Amino acid sequence: MLPRSPGARRADRTADEIVSEVVSLYVDDGLSTYRIGEQLGIDRQRVTRILHRAGVPVAPRGKSRSRPLRVEDDGTEAELRRLYLDDRLGTPAIGALLGIPERRVRDRLARYGIDRRHKGGWDRTDRTTVEPGSIEDLYVKKELPAEQVGSELGVNRRIVLRAAHSYGLPVREGGTPSADRGIRLIEALYDDPEVISVLRSHHVPVVRRPGHLWQRFPNPIPLTAELVADLYIRCGLSSFQIELVTGHPSMTILHRLANAGIDRRKRGGQSPFLRRWRQSEASHHDGPARR
């Protein structure tokens, strides 16, 4: 049997069926009005009129629009998540591996609800870090100063201390060796009644497990001005300490503070929270000796 022409296929359909097919091709399959007209054998302007009458918004001609994934895309989500989230590849490298344009990789990330990684101080995922084993061996076991550890690992002192805090390791005051057992910052934050009270009032989850920020908070909670103010002013947390309990990087915290009109404390010295924690620790250790 010879295949029927597009016009013959259209003749077999009722007006309602044509409308339904036009809407399906445009909304579900993501075809352009030109392609729909070509496929159904009708004028492109008629396709546009059908969509308008059906209440379907039509993108201006020549303007790209988000299109749903085709059937052949089945199974790509798992692969894309593995490459982008687990293997930490960038969109150009993923595009080269999958044989698709980088733009399509970015589109798919958005459709699958995968948060894009950021660069620089606003980053949660690609920030420079070091392995926990190296930090534990050099900083905790050998008790080397953070600056010396950083020199051996090729990073600065700040990254060493940030990594130690994130991995739940005890960090000594000033980052130098001492008899002080140091602070396990994540534990200390969640053991503070004031911090817990604020987090609960704002419905912020308590994530005690250590690890990279993006692993602890795959989807950071909404960072409202009220939450930032309560943590910064009421609890006396630093921007980094707020980072550890919200999942947002310090630069984002500082930006929220500025937008909320909250004056920042002077640089240097300990945060009010840290001073409160050290006083509590000193009182706890001195108590038995006095008794």
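A few remarks follow.
- The residues in region 266-286 that are surrounded by fewer than 14 Cβ atoms within 10 Å (Cβ to Cβ) and acidic (D, E) can be counted, and the count is 1.
- Residue list for region 229-265, restricted to those being small (G, A, S) and open to solvent by 10 Å² or more (accessible area, probe 1.4 Å): A229, S238, S239, S250, A258, A260, G261
- The condition of being open to solvent by 40 Å² or more (accessible area, probe 1.4 Å) and in a helix (DSSP H, G or I) holds for only one of E143, E147, that being E147.
- Single residue of I183, I242, I221 found to be among the hydrophobic types (A, V, I, L, M, F, W, C), in contact with a strand residue (DSSP E or B) (Cβ under 6 Å, 6 or more places away or on another chain) and in contact (Cβ under 8 Å) with a residue 12 or more places away in the chain: I183
- Close pairs (8 angstrom Cβ cut-off, 6 or more residues apart or separate chains): touching a residue at least 12 places away in the same chain (Cβ under 8 Å) and farther than 20 Å from A188 by Cα in region 262-274, assigned to a helix (DSSP H, G or I) and β-branched (V, I, T) anywhere: I262/V228; I262/I233
- Evaluation of E226 against the conditions (1) part of a helix (DSSP H, G or I); (2) open to solvent by less than 40 Å² (accessible area, probe 1.4 Å); (3) over 18 Å from P170 (Cα atoms) shows that the sole unmet condition is (2).
- Condition met for V19 (modelled with pLDDT of 80 or more, surrounded by 12 or more Cβ atoms within 10 Å (Cβ to Cβ) and within 26 Å of N219 (Cα to Cα)): no
The values are calculated or read from the model by the stated rules, or taken from the named source; none is laboratory data. Everything numeric in this text was worked out from a predicted model, so none of it was measured. Positions of Cβ are backbone-derived with ideal geometry, glycine not excepted, and every protein chain shown enters the neighbour counts. Just the protein is used for accessible areas: all its heavy atoms, side chains included, with ligands, DNA and RNA removed. Shrake-Rupley method; radii C 1.70, N 1.55, O 1.52, S 1.80 Å.
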